[in-house]
Amino acid sequence: MDYLTEINEASSLDALDRLRVELLGKKSRIATSFAALRDLPPEERQVKAAELNTEKEALTQAIERKKAELQEGELQTAIAKEAIDVTLFEAREENGSLHPISRAMEEIIEYFLQMNFELRTGPLIEDEFHNFEALNLPKYHPAREMQDTFYMNDGMLLRTHTSPVQIHTMLGAKPPFKMIAPGAVFRRDYDLTHTPMFHQVEGLVVAEGKQISFANLKHIIIDFLTHFFGNFPVRFRPSYFPFTEPSAEVDVGCIFCGGAGCRMCKNTGWLEVLGCGMVDPNVFKAVGYENVSGYAFGMGVERLATLKYRVGDLRSLYEGDLDLLEQFQ
Ligand code: PHE
């Protein structure tokens, strides 16, 4: 096989380099022939030198050409090997986010924890004593009606509010204390602004003597609402709850119309957000407390969330509608 064919058939850059050393290196036939030139007579030397140079040139060029060819080949192989199919579907993990109800709930809890309230929970299934009786809701009180309350066969019921956690707490603790109780509650209700299950956060503060006043209640509620909604006007409206006296419902200036009047606030300019009051003496009596004072409040988390995030229909939050929920990322 002649050398040019051998070069052309080199299978790799390494093989080619070995060939180059063999053909043109210090110990190659050409190198030896060049060295032998000096022993030749001048005329012969010139002819032979020209011959050798031509041969050397031909081999060098052939090697360079083959080298370029092999390099290109290796590049193409590498490119082919590392190719990414950009049309391939990526098995992507979607990032989830907190449900708006959970987010509102966490924000409410966080505020009260910072205010040194402690977190309490109670059972979802209650007896009449904790859900009604101890809260000054006697037997024939209209709030106990079958239309509102889910009753079980054994006389137990699904709690209709978080206020029974007030009773659990007072029966198990000694004042002074400040507590909040978040959780699910149940009522037989279903329309634009009501679902059969919803969430409340209850608050209760009790201390000895007459330490706790309505002013304390007012302060914490206004501070909380300002923290939660921003700078909207807040008003306390006299109201009635069996377990507080005096009682109030609290409104914020309509965050939709700024108080001018709209469909959301039924043209009143105000939105009701929670109920509160000074703990009724009958409640303290039911748990055996004497010579204490306290305030309590209860707020609907769905109500606060739909107002804050401007959701028109409360029910839509429970339909698992990703288009809606993804807006809250
Ligand atoms: N439990 C009341 C409700 O569900 C709210 C409330 C709690 C009001 C505590 C006053 C004090 O509507």
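The values are calculated or read from the model by the stated rules, or taken from the named source; none is laboratory data. What you are looking at is a predicted structure, and each value in this text was computed from that prediction instead of being measured. Backbone-built Cβ (ideal geometry, glycine too); neighbour counts: all protein chains shown. Accessible surface is based on the protein model in full, side chains and every heavy atom, while ligands, DNA and RNA are left aside. Shrake-Rupley method; radii C 1.70, N 1.55, O 1.52, S 1.80 Å.
Under the combined filter of DSSP loop state and at most 15 neighbouring Cβ atoms within 10 Å, the stretch 1-70 retains these GluC sites (Glu not before Pro): 9. The equivalent ellipsoid of the stretch 222-276 has semi-axes of 21, 14, 7 Å, largest first, where each one is the square root of 5 times an eigenvalue of the Cα gyration tensor.
Coupling constants for the stretch 44-57 follow from the phi torsions by the Karplus curve (6.51 cos²θ - 1.76 cosθ + 1.60, θ = phi - 60°), and in residue order they are 5, 4, 5, 4, 4, 4, 4, 4, 4, 4, 4, 4, 4, 4 Hz; glycine and proline get x.
Kirkwood analysis of the stretch 160-292, using all unique Cα-Cα pairs, places the hydrodynamic radius at 16.3 Å.
Straight-distance candidates among the lysines for linking to residue 174, with alpha-carbon spacing under 29 Å and chain neighbours fewer than 8 residues away dropped: 139, 210, 218, 285. Sparse packing (at most 14 other Cβ atoms within 10 Å of the Cβ) combined with a DSSP loop state is found for the following trypsin sites (Lys or Arg not before Pro) in the stretch 1-87: 26, 27. Note on the stretch 27-124: with neighbouring protein chains present and a 1.4 Å probe, carbon and sulfur make up 54 percent of its accessible heavy-atom surface. A simple count of charges around residue 79, restricted to other residues whose Cβ falls under 15 Å of its Cβ and scoring Lys, Arg +1 and Asp, Glu -1, yields -3. Applying the Karplus relation 6.51 cos²θ - 1.76 cosθ + 1.60 with θ = phi - 60° to the stretch 16-30 yields 3J(HN,Hα) values of 5, 5, 4, 5, 4, 4, 5, 8, 10, x, 4, 9, 6, 4, 4 Hz, where x marks Gly and Pro. Out of the trypsin sites (Lys or Arg not before Pro) in the stretch 207-276, which ones are loop residues according to DSSP with at most 13 other C-beta atoms within 10 Å? Answer by residue number: 210, 263, 266. Remark on the chain: 276 stand apart, with no other cysteine beta carbon under 4.7 Å. Model label points for residue 121 and residue 75, set 7 angstrom from Cα along the Cα-to-Cβ axis, are 6.5 nm apart. Distance from the alpha carbon centroid of the stretch 1-72 to that of the stretch 102-180 works out to 98 angstrom.
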